[in-house]
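To keep things clear, I will list the structure first and then write my remarks on it.
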Amino acid sequence: MAQHHFTQWLELWFETIDSLFVGKHATRAKEASKRMAMGQLANVCKSREQL
């Protein structure tokens, strides 16, 4: 997995959120997904360093 995979996931997620929700709940879902993607990418990178 690489950064572009996380970027693609976020793009798909944002499209889905935007098609179903508006307002503060949509914004919160997007912000949470950004944090999740960054954390998962960091874990992938960290795991690779240990190999």
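The values are calculated or read from the model by the stated rules, or taken from the named source; none is laboratory data. This one's a predicted model, so the numbers in the text were calculated from it and none came from an experiment. Here Cβ is always computed from backbone atoms with ideal geometry, including for glycine, and neighbour counts include all displayed protein chains. Heavy atoms of the whole protein, side chains included, go into the accessibility calculation; ligands, DNA and RNA do not. Shrake-Rupley method; radii C 1.70, N 1.55, O 1.52, S 1.80 Å.
Screening the range 28-51 for residues that are open to solvent by less than 100 Å² (accessible area, probe 1.4 Å) and either in contact (Cβ under 8 Å) with a residue 60 or more places away in the chain or polar (S, T, N, Q) (or both) and picking the one that is farthest from Met1 (Cα to Cα) gives Ser33.
A count restricted to the range 9-27 and to residues that are within 17 Å of Leu41 (Cα to Cα) and open to solvent by 100 Å² or more (accessible area, probe 1.4 Å) stands at 1. The requirement of being within 15 Å of the chain's Cα centre (by Cα) and modelled with pLDDT under 90 is not satisfied by Met38.
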